[in-house]
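All remarks here apply to the structure that follows.
The values are calculated or read from the model by the stated rules, or taken from the named source; none is laboratory data. It should be emphasised that the depicted structure is a prediction, and the values quoted were computed from it without experimental measurement. Heads up, the Cβs are rebuilt from the backbone with ideal geometry, glycines too, and the neighbour counts pull from every protein chain shown.
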């Protein structure tokens, strides 16, 4: 449950929220807002370029506003107090530039687009509108997300509190300098995939050991869940918990030594650094495309 001051809670309830982009991340954030009762469905609009079936689905499931309610994309954008930029990175430059005529300095822009800097968004919009740059991850869809948040200089303290409250409705937040946003991508933005990949490897090993796929999946999922909860509930460091279950010359030590010989740690570190690097490359590609 999000802990809000009375003023912040009242502020959110009075605002019109508009999502430009109706994909899974936009839905996750919107659902978190509604699940935490931060506002009513009638205060939220969602729009996309052409997929009316998707808009119908979201309207019927959540009761939010769409162009099927009788208004237009342009009107939703003009009326919004907060506009979430949630389109695909490849479409972002053109889409952001297209909404510039409907954006004003009293609105707050919240970007969930990987790799696009605040400066680039400002350039595309053509003014100094307050901008919040975020990097959520896919675990936000079940309320267990991790989101890095950065703010432009024109974002007020109240707007910072609003943004943090919204993303805390789908998990935890970490306010970071914008220069660290690519690092956030490498750590938590792409992070769930690393865990899934490791789980895939565990299930492949289970298959070689003779377990049925359904039993292997159940055991792997519970093992990962239990390990995560041990870190969370005990507050101990992962390295200390690992040492506690690694008896000298035992089975765990044999496994860890084999993994270490294969440079597992170094490979994971290299992969995460490459993810962060690729985030920077994607942002640079987008910036070059608008020059």
Given (1) under 23 Å from residue 287 (Cβ atoms); (2) in contact with a helix residue (DSSP H, G or I) (Cβ under 9 Å, 6 or more places away or on another chain), number of the condition residue 58 does not satisfy: (1)
Condition check: closer than 18 Å to residue 145 by Cβ and touching a strand residue (DSSP E or B) at 6+ places or on another chain (Cβ under 6 Å). Does residue 76 satisfy that? no
Please enumerate the residues belonging to the range 101-136 that are part of a helix (DSSP H, G or I) and modelled with pLDDT under 90. none
Of the residues in the range 93-124 that are touching a residue at least 60 places away in the same chain (Cβ under 8 Å) and over 21 Å from residue 279 (Cα atoms), the one that is surrounded by the fewest Cβ atoms within 10 Å (Cβ to Cβ) is 97
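Quick grid of which residues meet (1) over 17 Å from the mean Cα position of the chain (by Cα); (2) surrounded by fewer than 12 Cβ atoms within 10 Å (Cβ to Cβ); (3) over 25 Å from residue 157 (Cα atoms); (4) in the same structural domain as residue 112 (by TED's automatic domain parsing):
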| site | (1), (2), (3), (4) |
| --- | --- |
| 10 | yes, yes, no, yes |
| 13 | yes, no, no, yes |
| 17 | yes, no, no, yes |
| 20 | no, no, no, yes |
| 30 | no, no, no, yes |
| 33 | no, no, no, yes |
| 38 | yes, no, no, yes |
| 42 | yes, yes, yes, yes |
Note on the range 258-283: residues in a helix (DSSP H, G or I), surrounded by 11 or more Cβ atoms within 10 Å (Cβ to Cβ) and over 26 Å from the mean Cα position of the chain (by Cα) are 259, 260, 264
Working only within the range 146-159, note down all residues that are touching a strand residue (DSSP E or B) at 6+ places or on another chain (Cβ under 9 Å) and either without any contact (Cβ under 8 Å) to a residue 24 or more places away in the chain or closer than 18 Å to residue 115 by Cβ (or both). 146, 147, 148, 149, 150, 151, 152
What residue, of 228, 224, is outside the structural domain of residue 137 (by TED's automatic domain parsing), under 20 Å from residue 139 (Cβ atoms) and touching a residue at least 24 places away in the same chain (Cβ under 8 Å)? 224
If you go through the range 29-51 one residue at a time, how many are more than 18 Å from residue 77 (Cβ to Cβ) and not in a loop (DSSP other than H, G, I, E, B)? 6
Kindly check whether there is at least one residue in the range 63-73 that is in the same structural domain as residue 127 (by TED's automatic domain parsing) and closer than 29 Å to residue 279 by Cα. no
Confirm whether residue 239 is over 21 Å from residue 144 (Cβ atoms) and not in a loop (DSSP other than H, G, I, E, B). yes
Go through the range 165-180 residue by residue and tally those that are in contact with a strand residue (DSSP E or B) (Cβ under 6 Å, 6 or more places away or on another chain) and surrounded by 19 or more Cβ atoms within 10 Å (Cβ to Cβ). 4
